[in-house]
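**Student:** First, the structure itself, so that you have it in front of you.
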Amino acid sequence: MPDASPYIKIETPVHSQAIRPENRFQNLVIGGLKLDNWAVMAPMAGITNLPFRFVAKKMTAGLVTTEMVSAAGLVRAQKATLSYLETNPAEQPLAVQIFGSNPDEMAAAASIAAERGAALIDINMGCPARKVVKTGAGSALLKDRHRAECIVSAVRKAVDIPLTVKMRSGWALGETVVHEFAQIFEDSGVDAIILHPRFATQGFSGTADWALIRSVASAIHIPLIGNGDVVRPRSALDMMETTGCRGVMIGRGAVGNPWIFQQILAICHSGCYEEPSLAERKRVILEHHRLLENHYGPKATSRLMRGLMLWYTKRLPHSSRFRGAFTGIQDLPDLVRGLDAYFKFLQEKKI
Ligand SMILES: Cc1cc2nc3c(=O)[nH]c(=O)nc-3n(C[C@H](O)[C@H](O)[C@H](O)COP(=O)(O)O)c2cc1C
């Protein structure tokens with residue numbers, strides 16, 4: 001690629017000057033685990049596999065998490081479920097997220113994950129997917145305080161590594177349970193709460209209610225990690241500044257944009273950050289492809305890459321013109337051809 005500099009500098013954002021120094025440099029500590037970056041990667045089913053986590057980690061994500069793993073599948077030693085626990089020292093500390101509705105099964109699953117290298121266990125109380133909720137797991141637990149409490153207590157007894165709960169505001173609009181539940185979880189020995197402040201019935205509609213992050217953060221003594229709608233590095237600092245949360249979890253904003261984690265650190269240290277050049281984007285995309293191919297083989301990699309390329313190009317100009325080239329990827333040469341054509345187009349347009 002002709003552009004030599006790996007990054008394009010973005011001028012100091014004016015409002016980042018308002019970030020208090022103590023916030024910029026604060027450490028996120030969960031249980032005994034001290035993280036290098038308070039911006040962490042969200043668990044995402046079908047996305048946060050080992051290769052993806054490795055890319056996020058290299059871009060300085062403070063913590064990476066598996067996608068949600070079925071406790072029942074782990075306890076029954078199902079091969080496909082166990083494969084979600086595969087890890088590598090380079091991505092540690094790794095959080096393993098488990099879901100289920102049976103306290104004994106959840107406790108046993110947490111032990112299995114810890115034995116296989118999890119540095120932290122996260123309990124899913126946020127997933128609104130019908131196939132999860134109908135078993136009483138995920139966000140359905142927000143309707144069943146007693147069961148939620150039993151699960152947390154059983155998992156807490158089973159493992160001595162840090163434990164978090166990732167939850168939504170409540171089940172349905174107006175049924176906010178997070179204050180009550182977070183207090184119970186803190187009393188049960190949970191080390192941090194992760195809050196995506198939407199109701200389960202909302203899915204991803206509307207906006208995340210950051211005011212709720214603020215009110216829960218001030219009510220509990222363990223760290224609250226805020227999550228929801230952070231798509232730019234500066235919005236992570238805005239979330240921290242306006243809510244007082246101790247960490248920020250990023251999901252969709254980091255898919256296809258793993259640079260966001262190092263950009264956040266850059267703003268903390270210098271007040272500005274850099275956008276990756278086209279050459280840097282190409283380097284990371286090809287690295288991601290290589291990692292996927294090593295892990296899953298060529299056929300599955302092409303399928304995964306077709307989806308990922310839509311994320312990698314989502315916020316870039318004129319990407320819809322090249323969508324066909326990316327959704328038709330069959331192999332690595334197809335990917336390189338599509339990328340080169342698109343980036344050449346952008347360079348010629350001087351974008
Ligand atoms: C495709 C996809 C898969 C997800 N899978 C999970 C999951 O396995 N476990 C979980 O707790 N949340 C899951 N989430 C929710 C995210 O972790 C996060 O809470 C949500 O996307 C809001 O954060 P964001 O606005 O930064 O994306 C998923 C979200 C998406 C879009």
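Derivation of every value follows stated rules applied to the coordinates shown; laboratory data play no part. Since the model is a prediction, treat every value here as computed from it, not as a measurement. Positions of Cβ are generated from backbone atoms using ideal geometry, with glycine treated the same way; all protein chains shown enter the neighbour counts.
**Student:** Can you give me the pair-distance distribution of region 14-151, C-alpha pairs, 10 Å bins, whole percents?
**Tutor:** Calculated over all Cα pairs of region 14-151, the distribution is 12, 38, 32, 14, 4, 0 percent.
**Student:** If you don't mind, there's one more thing I want to ask. Kindly put Phe345, Phe199 in sequence by how many other C-beta atoms sit within 10 Å of each C-beta, fewest to most.
**Tutor:** Ranked by crowding around the Cβ, least crowded first: Phe345, Phe199.
**Student:** Restricted to Cα positions, what overall size does the chain have along the principal axes? Three whole-Å values, descending.
**Tutor:** Cα spread of the chain along its principal axes, largest to smallest: 61, 49, 37 Å.
**Student:** Which peptide among 322-333, 175-186 comes first, and what is the full order, when sorted by highest mean count of other Cβ atoms within 10 Å?
**Tutor:** For the peptides 322-333, 175-186, the packing ranking is 175-186, 322-333.
**Student:** Convert each backbone phi in region 332-339 into a coupling constant with the Karplus relation 6.51 cos²θ - 1.76 cosθ + 1.60 (shift: θ = phi - 60°), then list the ³J(HN,Hα) values in order as whole Hz, x for Gly and Pro.
**Tutor:** Coupling constants for region 332-339: 4, x, 4, 4, 5, 4, x, 5 Hz.
**Student:** Another question, if that's okay. Give a quick list of trypsin sites (Lys or Arg not before Pro) in region 223-316 that DSSP marks as loop, anything other than H, G, I, E or B, with at most 16 other Cβ atoms within 10 Å.
**Tutor:** Lys314, Arg315
**Student:** I would also like to ask the following. For Lys131, which lysines qualify as cross-link partners when the Cα separation must be under 17 Å and same-chain residues fewer than eight apart are set aside?
**Tutor:** Lys143
**Student:** Considering only DSSP beta bridges where both residues belong to the chain, give the percentage that are antiparallel (nearest 5).
**Tutor:** Here the share of antiparallel DSSP bridges comes out near 20 percent.
**Student:** What size of dipole, in debye to the nearest 20, comes out for region 72-162 about its Cα centre when the only charges are +1 on Lys and Arg C-beta atoms and -1 on Asp and Glu C-beta atoms?
**Tutor:** Computed about the Cα centre, the dipole is about 440 debye.
**Student:** Excluding residues on the same chain fewer than 8 positions from Lys282, give the aspartates and glutamates whose Cα lies under 13 Å from its Cα.
**Tutor:** Straight-distance partners of Lys282: Asp3, Asp340.
**Student:** Now for a different question. Using θ = phi - 60° and the Karplus curve 6.51 cos²θ - 1.76 cosθ + 1.60, what whole-Hz ³J(HN,Hα) does each residue of region 177-184 get, with Gly and Pro shown as x?
**Tutor:** Per-residue couplings from phi come out as 10, 4, 4, 4, 5, 4, 5, 4 Hz.
**Student:** Work out the charge dipole of region 149-272 with +1 on the Cβ of Lys and Arg and -1 on the Cβ of Asp and Glu about the Cα centre, then indicate which of Gly247, His179, Leu224 is farthest towards its positive end.
**Tutor:** Farthest towards the positive pole: Gly247.
**Student:** Tell me the mean residue ellipticity at 222 nm calculated for the chain from its helices only (DSSP H runs of n ≥ 4, each -39500 (n - 2.57), averaged over every residue, nearest 500).
**Tutor:** Rounded to the nearest 500, it is -13000 deg cm²/dmol.
**Student:** What is the gain in length, in nm to one decimal, between Lys299 and Leu173 on full extension, counting 0.36 nm per residue of separation less the C-alpha to C-alpha distance?
**Tutor:** So the chain would gain 41.1 nm between Lys299 and Leu173.
**Student:** Would you grab the residues whose amide H sits under 5 Å from the one on Phe199? Only those 5+ places off in sequence or on another chain, please, with H modelled 1.01 Å from N.
**Tutor:** Long-range HN contacts for Phe199: Ser169.
**Student:** To make sure I understand the rule: partners must be aspartates and glutamates, Cα under 18 Å from the Cα of Lys134, and not fewer than 8 residues away in the same chain. Which ones qualify?
**Tutor:** Lys134 reaches Glu105, Asp144.
**Student:** So, one more: Among Ala192, Ser205, His318, which residue has its Cα furthest toward the positive end of the charge dipole of region 176-322, with +1 on Lys/Arg Cβ and -1 on Asp/Glu Cβ?
**Tutor:** His318
**Student:** What do the square roots of 5 times the Cα gyration tensor eigenvalues come to for region 99-171, in whole Å, largest first, as semi-axes of the equivalent ellipsoid?
**Tutor:** Output for region 99-171: semi-axes of 20, 12, 11 Å.
**Student:** Glu274's amide H: which non-local residues (gap 5+, or another chain) put their own amide H closer than 5 Å, with H modeled 1.01 Å from N in plane and none for Pro or chain starts?
**Tutor:** Residues meeting the amide H criterion: Ile10.
**Student:** Right, here's the next one. To the nearest 20 debye, what charge dipole does the chain have about its Cα centre, counting +1 at the Cβ of each Lys and Arg and -1 at the Cβ of each Asp and Glu?
**Tutor:** Roughly 1040 debye, rounded to the nearest 20.
**Student:** Something else: What is the gain in length, in nm to one decimal, between Ser205 and Val29 on full extension, counting 0.36 nm per residue of separation less the C-alpha to C-alpha distance?
**Tutor:** Between Ser205 and Val29, full extension yields 60.2 nm more.
**Student:** Taking H as built 1.01 Å from N, whose amide H comes closer than 5 Å to the amide H of Ala192, not counting residues under 5 places away?
**Tutor:** Leu163, Val165
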